[in-house]
Amino acid sequence: MKRIEHIGIAVKDLEAANKTYAAMMGAEPYKSETVDGEGVTTSFFKVGESKIELLAGTRPDSPISKFIEKRGEGIHHMAFYVDDIRAEIERLKKEGFRLLNEEPKPGADNKIVAFMHPKDANGVLVELCQEK
Ligand SMILES: CC[C@H](C(=O)O)C(=O)SCCNC(=O)CCNC(=O)[C@H](O)C(C)(C)COP(=O)(O)OP(=O)(O)OC[C@H]1O[C@@H](n2cnc3c(N)ncnc32)[C@H](O)[C@@H]1OP(=O)(O)O
Ligand SMILES: [Co+2]
C-alpha cells in the first residue's frame with residue numbers, strides 16, 4: 001500500500017454535497033464521473049496527495065444506495081494506491097483477506113480497482129487502486 005488514494009463518502013444528493021465540500025475545501029471538485037458498473041456518480045476533491053471522493057448511487061441496487069438506506073450518509077470506504085494491484089491482491093489473499101473481486105475492475109479517475117471485505121478490516125471497506 002503506497003498511500004491513501006482517497007476517502008469515499010456516500011451522499012444522497014451529489015450537487016448539495018459538492019457545494020458543502022467546495023465550501024469546506026475552498027475549491028471546486030476537479031472532476032465528476034459516473035461509473036455505470038458500480039451504479040455511482042462521483043466527484044473528486046484534491047487534498048494534498050489524497051482526495052475526497054463523494055459518491056451518490058445512480059440506481060437502487062448500487063452499493064452506495066444500499067449503504068445509505070441501511071446506514072445513512074457517511075464515510076463509505078478508504079482507498080489505497082498500489083503499484084501492482086494484481087500482486088497486491090495475491091499478497092492479501094495469502095494473508096487471509098477476502099477480496100470482493102479478485103480481477104481488477106474499472107474504477108473512476110482512470111483507475112482499476114479491487115475491494116476487500118469490510119469484515120476482514122475491522123469494519124472498514126478497503127479499496128485498492130492502480131492507474132490504468
Ligand atoms: C469504482 C468506482 C469508485 C472508485 O473509487 O473508483 C468507487 O469507490 S465505487 C464504490 C462502490 N462500490 C463498492 O462498494 C464495491 C464493493 N462493495 C460491495 O461489494 C458491497 O457493498 C459489500 C459487500 C461491501 C456490502 O454488500 P451489501 O451491502 O449487499 O451487504 P450487507 O449490507 O449485508 O453488508 C455485509 C456487511 O458489511 C457491512 N458493510 C456494508 N458496506 C459497508 C461499508 N461500506 N463499510 C463497512 N461495512 C460495510 C454491512 O453493515 C454488513 O455488516 P453487518 O454487521 O451484517 O451489518
Ligand atoms: Co473509491
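The values are calculated or read from the model by the stated rules, or taken from the named source; none is laboratory data. Here the structure is a predicted model, which means the values were calculated and not measured. Note: ideal-geometry Cβ built from the backbone for every residue, glycine included; neighbour counts use all protein chains shown. SASA here: full protein model, heavy atoms, side chains in, ligands and nucleic acids out. Shrake-Rupley method; radii C 1.70, N 1.55, O 1.52, S 1.80 Å.
Summary table
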{"read-out": "The lone exception for Gly39 - which of (1) at positive phi; (2) loosely packed, with under 14 Cβ neighbours inside 10 Å; (3) within 15 Å of ligand 2 (Cβ to nearest atom) it fails", "value": "(2)"}
{"read-out": "Odd one out for Phe115, checked against (1) away from ligand 2 (no atom under 12 Å from the Cβ); (2) open to solvent by 20 Å² or more (accessible area, probe 1.4 Å); (3) more than 17 Å from Lys51 (Cα to Cα)", "value": "(1)"}
{"read-out": "Matching residues, segment 108-130, being of a type in the set (Val, Ile, Thr) and out of contact with any Gly (no Cβ under 9 Å at 6 or more places or on another chain)", "value": "Ile112, Val124, Val126"}
{"read-out": "Within segment 118-131, considering residues that are more than 14 Å from ligand 2 (Cβ to nearest atom) and either surrounded by 15 or more Cβ atoms within 10 Å (Cβ to Cβ) or touching a residue at least 24 places away in the same chain (Cβ under 8 Å) (or both), the one nearest to Lys94 (Cα to Cα)", "value": "Asp120"}
{"read-out": "Pairs with Cβ under 9 Å, 6+ apart, first in segment 62-78 and basic (Lys, Arg), second within 9 Å of ligand 1 (Cβ to nearest atom)", "value": "Lys66/Gly57; Arg71/Ala10"}
{"read-out": "Subset of segment 15-51 [within 11 Å of ligand 1 (Cβ to nearest atom) and either in contact with an Asp or Glu (Cβ under 8 Å, 6 or more places away or on another chain) or within 18 Å of Glu5 (Cβ to Cβ) (or both)]", "value": "Glu33, Val35, Glu38, Gly39, Val40, Thr41, Thr42, Phe44, Lys51"}
{"read-out": "Filter result (under 12 Å from Glu127 (Cα atoms) and of a type in the set (A, V, I, L, M, F, W, C)) within segment 57-91", "value": "Met78, Ala79, Phe80, Val82, Ile85, Ile89"}
{"read-out": "Yes/no for Phe67 being under 14 Å from Val113 (Cβ atoms), open to solvent by less than 60 Å² (accessible area, probe 1.4 Å) and within 13 Å of ligand 2 (Cβ to nearest atom)", "value": "no"}
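Every residue, every condition in (1) hydroxyl-bearing (Ser, Thr, Tyr); (2) within 25 Å of Lys132 (Cβ to Cβ); (3) more than 12 Å from ligand 2 (Cβ to nearest atom); (4) open to solvent by 70 Å² or more (accessible area, probe 1.4 Å), yes or no:
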residue	(1), (2), (3), (4)
Val11	no, no, yes, no
Glu15	no, no, yes, yes
Ser32	yes, yes, yes, yes
Ile52	no, yes, no, no
Leu55	no, yes, no, no
Glu73	no, no, yes, yes
Leu92	no, yes, yes, no
Gly107	no, yes, no, no
